[in-house]
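This report refers to the structure that appears directly beneath it.
The values are calculated or read from the model by the stated rules, or taken from the named source; none is laboratory data. Being a predicted model, the structure only gives us computed values, none of them experimental. When we count neighbours, we look across all protein chains shown, and the Cβ atoms used for this are built from the backbone with ideal geometry, even at glycine. Heads up: the accessible areas ignore ligands, DNA and RNA and are worked out on the full protein's heavy atoms, side chains in. Shrake-Rupley method; radii C 1.70, N 1.55, O 1.52, S 1.80 Å.
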Amino acid sequence: MGANGNAVPPDSSGVHLAGPEEMRLHFSGPPAALTGIVPLVNTGSEKQKIRSLSVESEKLLGPAHLPLTEAPFAARLQAGEQASVPATLALDAQTPPGSYDLKVTVGDRTLEATAVVSEVV
């Protein structure tokens with residue numbers, strides 16, 4: 001298992017974020033369950049499993065009130081397969097409503113993302 005929880009051998013091409021360079025990911029919902037779609041491609045020659053997303057944000061905290069650095073995620077792609085996989089980010093329950101910038105990394109590719117946190121009534 002990789003350092004960020006991904007089950008991708010370090011010497012393989014493996015699974016990466018797909019899409020154009022200027023693509024931006026979007027997540028939205030209440031702090032406990034922001035949902036979005038993550039486009040992936042397996043450029044390796046073997047089936048690969050991904051168990052987490054690497055996340056970087058200056059302002060967002062995870063459910064344990066620590067900086068958000070990783071999010072549980074489950075995807076399995078065959079060699080050469082492309083897929084758009086649903087993802088859920090869990091934040092600190094006290095995260096104020098609003099729009100937040102973050103970065104999501106899978107494999108050797110990082111994409112900018114926006115998290116729109118809705119108000120919980």
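Any idea how many residues of the range 80-99 are open to solvent by less than 50 Å² (accessible area, probe 1.4 Å), more than 14 Å from THR35 (Cα to Cα) and free of Cβ contacts under 8 Å to residues at least 60 places away in the same chain?
Number satisfying all stated conditions: 2.
Checking ILE50 against (1) open to solvent by 80 Å² or more (accessible area, probe 1.4 Å); (2) modelled with pLDDT under 95; (3) part of a strand (DSSP E or B), which single condition isn't satisfied?
(1)
What's the total number of residues in the range 18-40 that are open to solvent by 30 Å² or more (accessible area, probe 1.4 Å), touching a Leu at 6+ places or on another chain (Cβ under 9 Å) and outside any loop (DSSP other than H, G, I, E, B)?
Total meeting the criteria: 4.
Could you figure out which of (1) touching a strand residue (DSSP E or B) at 6+ places or on another chain (Cβ under 7 Å); (2) surrounded by fewer than 18 Cβ atoms within 10 Å (Cβ to Cβ); (3) not aromatic (Phe, Trp, Tyr) isn't true of GLU58?
Failed condition: (1).
Given the conditions (1) touching a residue at least 24 places away in the same chain (Cβ under 8 Å); (2) surrounded by fewer than 16 Cβ atoms within 10 Å (Cβ to Cβ), report the number of the one that PRO67 does not fulfil.
(1)
Which residues, counting only those in the range 103-113, are touching a residue at least 60 places away in the same chain (Cβ under 8 Å) and of a type outside the set (Asp, Glu)?
Of everything in the range 103-113, those that are touching a residue at least 60 places away in the same chain (Cβ under 8 Å) and of a type outside the set (Asp, Glu) turn out to be VAL104, THR105, VAL106, GLY107, ARG109, THR110, LEU111, ALA113.
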